[in-house]
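Let me begin by presenting the structure, written as structure tokens, before commenting on it.
The values are calculated or read from the model by the stated rules, or taken from the named source; none is laboratory data. Predicted model, so just to flag it, every value in this text is computed and none were measured. No Cβ is skipped: glycine too gets one built from the backbone with ideal geometry, and neighbour counts run over all protein chains shown. When the accessible area is computed, the model is the full protein with side chains, heavy atoms only, and any ligands, DNA or RNA have been set aside. Shrake-Rupley method; radii C 1.70, N 1.55, O 1.52, S 1.80 Å.
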Amino acid sequence: MGTAVGYALRKLSVYVSAVAMILFAIVHITLLKFLSFVSPGLMRKIHLKMGEKSTMTQNPKFRYEDWGPTFFSLRFIKTVLSVNWCSLGLEAFEGHAAPDTALFTLDGQKTSIHRFLKGNRPLVLSFGSCT
């Protein structure tokens, strides 16, 4: 399999997985919302189990009543969809150009990684603490 074909297949798999993730989120939210009407106790139990995976239940001051209902809000659904839509296709593949990812300066200005490229010089990104 040629590198161009392999690259195209990997790129296609990124798009397919993003669409699958969006569909999963929609189905998941719909089923939990339906379950909240049919059996609120079971829905809460499932929701808390999901919260354990993301450490949301480990803080004793952060109760289920604080975060649980937000999963059914229109704002949450819009956020999930917009994050998936904005990151669609922003995958890096070995041997190909890096995606032009949006980022913010310390002043809060929106810019992109490609703005920092200078000719053929490599651009090194360091993620971590300087302290």
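Key figures for this structure:
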| item | result |
| --- | --- |
| Stretchable slack from Ala98 to Ile29, in nm (0.36 nm times residue separation minus alpha-carbon distance) | 21.5 nm |
| Arg115 accessible area, 1.4 Å probe, all protein chains in place, Å² to nearest 10 | 150 Å² |
| For the stretch 24-30, Karplus couplings with θ = phi - 60° (6.51, -1.76, 1.60), whole Hz, Gly/Pro x | 4, 4, 5, 5, 4, 5, 4 |
| Label-point separation in nm, Phe72 to Glu91, each point 7 Å along Cα→Cβ | 3.5 nm |
| Summed residue charge, Cβ within 15 Å of Phe93's Cβ, Lys/Arg positive, Asp/Glu negative | -1 |
| Cβ-defined net charge surrounding Met43, 15 Å radius [Lys, Arg +1; Asp, Glu -1] | +3 |
| Dimensionless Rg over Rh [the stretch 1-94; C-alpha; Kirkwood] | 1.12 |
| Full-stretch length increase - Asn84, Leu48 - with 0.36 nm per residue and alpha-carbon distance subtracted | 10.6 nm |
| Ile22 accessible area, 1.4 Å probe, all protein chains in place, Å² to nearest 10 | 40 Å² |
| Sites matching GluC sites (Glu not before Pro) across the stretch 48-131 that sit in DSSP coil, with at most 10 neighbouring C-beta atoms within 10 Å | Glu94 |
